[in-house]
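Down below is the structure, laid out as structure tokens.
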Number of protein chains: 2
Amino acid sequence: MVEKGMLIVLSGPSGVGKGTVRKAMLREGSLNHFKYSVSMTTREKRPGEQDGVDYFFRTRAQFEEQIAQGGMLEYAQYVDNYYGTPLKYVQETLDSGWDVFLEIEVNGAMQVRQKMPDGVFIFLTPPDLKSLRHRITGRGSEDQATIDKRMAKAREEIKMMSNYDYAVVNDQVPRAVARINQIVQSEHLRVPRVIDSYRKMIGDK
Amino acid sequence: MVEKGMLIVLSGPSGVGKGTVRKAMLREGSLNHFKYSVSMTTREKRPGEQDGVDYFFRTRAQFEEQIAQGGMLEYAQYVDNYYGTPLKYVQETLDSGWDVFLEIEVNGAMQVRQKMPDGVFIFLTPPDLKSLRHRITGRGSEDQATIDKRMAKAREEIKMMSNYDYAVVNDQVPRAVARINQIVQSEHLRVPRVIDSYRKMIGDK
């Protein structure tokens, strides 16, 4: 019997840099031996994006059929588009012994927490709200009302941190990546994850 | 207000090498910024041992007075001698913001778990029972009955692993030390330990 893989969920407020950290992790991912679960979306493909790499790009009808069939581990709508995580890939990969890495929005992370409470839930935080504001306004194209709304949302999301296992500060991407790698390796030593193999060692199973 | 330190408890079966790992950790302890809590004992000082470094060497009467006054975080008797951890040093050091490291027997670790459930409890395990048997018999001077008794005790203690947070294999001392350091750093990122500082950041406290 193969030991089951571990689900690692990286989430955090909008604008905190989840995608950048995720990409940095994938670049040096050989350390971790995990599989990244590609999200599904109905939004338009942007220049340079690849189907099956950045997202699975699907029509609204296709996405809603997946939902109806119970095929989404989590999903949400943002600006009239669906984003979500197909359940099948995650389950099959965990069953085959690989760790699975998800980088998703906070609402999605809470859906995953309910369905897979054994996962490791990591909340990426801004070093402080000032830099978060800078990141949110830094794109340059948003009006004040949009910015205020995003700030209020970010405050809400930071409050959501209490639902996570770990808080990792995204002060510098390589440092955030190192902390996440440390958490993953350390979680693999947690007793509930390893005790069965020890029970076998002393002949109790 | 100073953030409270974290209690780290290293324990495991007799003969697994707890003391060796602890000494290796203290040698390169600058990484961890923790204080080691020196145990108290009534046994005879051995050649090369220093009072206050290896143990606080006390008389039986002195030790029993500490117990009577509720001054021991944990204690036990082995071969007619008391061994234990004075409570005061641990509490004061945690209150001043330092992490405290204890290396103790499994019975003592369970006493600490009841009194300080927020601690991080690490169980050091032999790579397999064969090497544990080798370590137990390797001292050369024990008879078969003693060896069998120790083996049975080790099996019992491995079963006790379920009361710990982490299991670290002592295959090679430097690797075990690296794993423990990783656990300590990772535990410092756990949400229940850091959420108050984040609540302050967004003005909720």
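The values are calculated or read from the model by the stated rules, or taken from the named source; none is laboratory data. Since this is a predicted model, take the numbers as computed values, not measurements. Cβ coordinates were reconstructed from backbone atoms using ideal geometry, including for glycine residues, and neighbour counts include every protein chain displayed.
Within the range A:190-205, residues that are facing another protein chain (nearest Cβ under 7 Å) reach partners that are modelled with pLDDT under 75 with beta carbons closer than 8 Å, at six or more positions or on different chains, in the pairs A:Tyr198/B:Ile158; A:Met201/B:Asp128; A:Met201/B:Leu129; A:Met201/B:Ile158; A:Ile202/B:Leu129; A:Ile202/B:Arg155; A:Ile202/B:Ile158.
The set of residues in the range A:30-66 being within 19 Å of the chain's Cα centre (by Cα) and of a type in the set (Val, Ile, Thr) consists of A:Val38, A:Thr41, A:Thr42, A:Val53. In summary, helices (runs of 4 or more DSSP H) completely within the range B:1-110 and bearing 2 or more residues that are closer than 25 Å to B:Phe123 by Cβ occur at B:18-27, B:87-95. From the list B:Tyr83, B:Tyr166, the one residue that fits, being modelled with pLDDT under 95, among the aromatic types (Phe, Trp, Tyr) and surrounded by 19 or more Cβ atoms within 10 Å (Cβ to Cβ), is B:Tyr83.
B:Ala176 meets all of the listed conditions (1) facing another protein chain (nearest Cβ under 9 Å); (2) under 16 Å from the mean Cα position of the chain (by Cα) but one, namely (1). When each of B:Val112, B:Val191 is tested for being modelled with pLDDT under 95, among the aliphatic types (A, V, I, L, M) and under 28 Å from A:Ile183 (Cβ atoms), the lone residue that passes is B:Val191. Restricting attention to the range B:80-104, the residues being free of Cβ contacts under 8 Å to residues at least 24 places away in the same chain and closer than 15 Å to B:Phe63 by Cβ number 3.
Looking across the range B:171-182, the residues that are touching a residue at least 24 places away in the same chain (Cβ under 8 Å) and either among the acidic types (Asp, Glu) or in contact with a Ser or Thr (Cβ under 7 Å, 6 or more places away or on another chain) (or both) come down to B:Asp171, B:Val173.
Of all the residues in the range B:65-76, those that are out of contact with any Ser or Thr (no Cβ under 9 Å at 6 or more places or on another chain) and either surrounded by 12 or more Cβ atoms within 10 Å (Cβ to Cβ) or on the phi < 0 side of the Ramachandran plot (or both) number 7. Within the range B:5-16, does at least one residue satisfy the condition of being in contact with an Asp or Glu (Cβ under 9 Å, 6 or more places away or on another chain), surrounded by 13 or more Cβ atoms within 10 Å (Cβ to Cβ) and on the phi > 0 side of the Ramachandran plot? Taking every residue of the range B:5-16 in turn, at least one turns out to be in contact with an Asp or Glu (Cβ under 9 Å, 6 or more places away or on another chain), surrounded by 13 or more Cβ atoms within 10 Å (Cβ to Cβ) and on the phi > 0 side of the Ramachandran plot.
Tallying residues that are among the polar types (S, T, N, Q), at pLDDT below 80 and under 23 Å from the mean Cα position of the chain (by Cα) within the range B:115-148 yields 1.
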